[in-house]
Structures are given as structure tokens and as C-alpha cells.
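The values are calculated or read from the model by the stated rules, or taken from the named source; none is laboratory data. In this text, all values refer to a predicted model and were calculated from it rather than measured experimentally. Because the Cβ atoms are built from the backbone with ideal geometry, glycine has one as well, and the counts that use them run over all protein chains shown. Surface areas here come from the heavy atoms of the whole protein model, side chains and all, with no ligands, DNA or RNA. Shrake-Rupley method; radii C 1.70, N 1.55, O 1.52, S 1.80 Å.
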Amino acid sequence: MEAVVHTRPIRLGLTGGIGSGKSTVGNMLAAMGAVLIDADQISKQTTGPHGAAMDTIRAQFGDAYVDASGALDRSRMRELVFSEPRARARLEAIIHPLVTLQTRLRTEEAVQAGARMIVHDIPLLAESGRWTRQLDAVLVVDCSTDTQLDRVVRRSGLAPALVHGIIASQATRQARRSIADVVITNDADCTLEALQGQVGQLARLFGL
């Protein structure tokens, strides 16, 4: 396949399950010159101390879900949304419009600045139908469920049962791979150097 020649930024959707190494791949692409727009990072900013979502979260969920700094109490909210699916939908209805607005603004800034590639790091890309028309291609970072579990438990200290629940709440590997134009494999036996090689090949393919 020949490298892509483009006069406008390539808009690449980046996704992968928790513990897949998606963020590492995004940072590698950014180091190669791409503009990285991280939906999860934007979401965390909106729910940080006195973030844009916090007044509404306090009004809908109560003071118990706001910590002393004025940020979302993530551990308490995590327990709630995994036990009550409707609570998850209510939380997403608050946060997603704010993330969408910031994403649009940052994309416009990147276009004006002459970016060659814009990487949209979107954890729930496979679950969302609205992104397809906005992207030129989708990159999925893939690994086994066992690898996900091991990485997340080691880095976060969360109980394996909770991590299993998080994995189960996300799209399946098959669902993510079904929307992929390119798959990067980052299983337990993939070294950082090997991962860098895969990302470099992808960057060259898209003319970065």
C-alpha cells in the first residue's frame, strides 16, 4: 500500500481497550509530529477541580460524588456506574457534550496551524456511531484480555474482579477490530522498540 498524499490533515481515530497501550501509541505519534486530541484527557479536565461538568454533576448526583478539591470522586462514581447502568448514561450525558465541544475547538486550531495529522484518541470509538463520518481512518491497538488484566492490575492496584468488569463494559476485541483500518498488536511479548517500529510504519504510510 502506498503512502497517503494529502493537502489537509489526516484525521486518524485511535482506540483500544483499557491496558492495550493506546495512550503510548498516541504519544508516539505526537512525538512524530501529529496533533493528539485525547478525549479521555479532556473528559478528566471537565471533571477535575471545579471543571465545567462539576456543577451539573453535583446537582444530579449530590455532594457525595464530589471530593474535597471540587473534582469528581472517581472511585465512588466508578462503583455507582458499574452497579447502575442508568447512572452511567446520566454521567455521559453531562460530560460528552463538553468533550465534543472542546474536541471541535482543538481540531479547528490544529487545522489552522497546518497540522499534517490529527489523532483523535477515543476510548469508546467502537461504541460510538457518530465518529465514522469525521475520520479518514481508524487505528486499533489490540492485545489479549489476559494482557489487559495484567497491565491494569499492576499499574493501578485495582482488584482483578473490578478490572474484569471494566473490560466487560467496553466493546469486545472483535468489535474494535471490525472497525479498524489498521491494527497494531501490542501483546505481552511486544517490546517498546517493536511497538515503536509498528507506529513508525503507520506514520510513514499516512505521510507523517
Q | Residues (within 14 Å of A53 (Cα to Cα) and not in a helix (DSSP H, G or I)) located in the range 72-92 | A | L72, D73
Q) How many of the residues making up the range 46-66 are in contact (Cβ under 8 Å) with a residue 40 or more places away in the chain and open to solvent by 50 Å² or more (accessible area, probe 1.4 Å)? A) 1
Q. Would you pick out the residues in the range 133-146 that are β-branched (V, I, T) and open to solvent by less than 50 Å² (accessible area, probe 1.4 Å)?
A. V138, V140, V141
Q) In the range 140-153, is there at least one residue being farther than 20 Å from A39 by Cα and either basic (K, R) or modelled with pLDDT under 90 (or both)? A) yes
Q.
Would you confirm, using the coordinates I've provided, whether V152 is in contact (Cβ under 8 Å) with a residue 12 or more places away in the chain and touching a Ser or Thr at 6+ places or on another chain (Cβ under 8 Å)?
A. no
Q | Residue in the range 104-132 that is least open to solvent (accessible area, probe 1.4 Å), counting only those that are more than 15 Å from D38 (Cα to Cα) and charged (D, E, K, R) | A | E127
Q: Check whether at least one residue in the range 154-165 is in a helix (DSSP H, G or I) and in contact with a Pro (Cβ under 9 Å, 6 or more places away or on another chain), and report yes or no.
A: no
**Q.** From H96, H120, residue being under 30 Å from V66 (Cβ atoms) and assigned to a helix (DSSP H, G or I)
**A.** H96
Q.
Out of the residues in the range 107-117 meeting the condition of being assigned to a helix (DSSP H, G or I) and either of a type in the set (V, I, T) or touching a helix residue (DSSP H, G or I) at 6+ places or on another chain (Cβ under 8 Å) (or both), tell me which one is farthest from G207 (Cα to Cα).
A. T107
Q) Residues of the range 166-191 being open to solvent by less than 30 Å² (accessible area, probe 1.4 Å) and in a helix (DSSP H, G or I), which ones? A) I166, I167, R176
Q | Odd one out for D40, checked against (1) touching a residue at least 60 places away in the same chain (Cβ under 8 Å); (2) out of contact with any Ser or Thr (no Cβ under 7 Å at 6 or more places or on another chain); (3) crowded, with 20+ Cβ neighbours inside 10 Å | A | (3)
Q | In the range 26-37, the residues that are buried (at least 19 other Cβ atoms within 10 Å of the Cβ) and either in a helix (DSSP H, G or I) or touching a Phe, Trp or Tyr at 6+ places or on another chain (Cβ under 8 Å) (or both) | A | G26, M28, L29
**Q.** Condition check for T56: in a helix (DSSP H, G or I) and farther than 27 Å from I167 by Cα
**A.** yes
Q | Which numbered condition A126 misses (of (1) part of a loop (DSSP other than H, G, I, E, B); (2) within 18 Å of T24 (Cβ to Cβ)) | A | (2)
Q) Can you find even one residue in the range 161-171 that is out of contact with any Phe, Trp or Tyr (no Cβ under 9 Å at 6 or more places or on another chain) and among the hydroxyl-bearing types (S, T, Y)? A) no
Q | Only one of S69, S23 that is open to solvent by 40 Å² or more (accessible area, probe 1.4 Å), in contact with an Asp or Glu (Cβ under 9 Å, 6 or more places away or on another chain), of a type in the set (S, T, Y) and modelled with pLDDT of 90 or more | A | S23
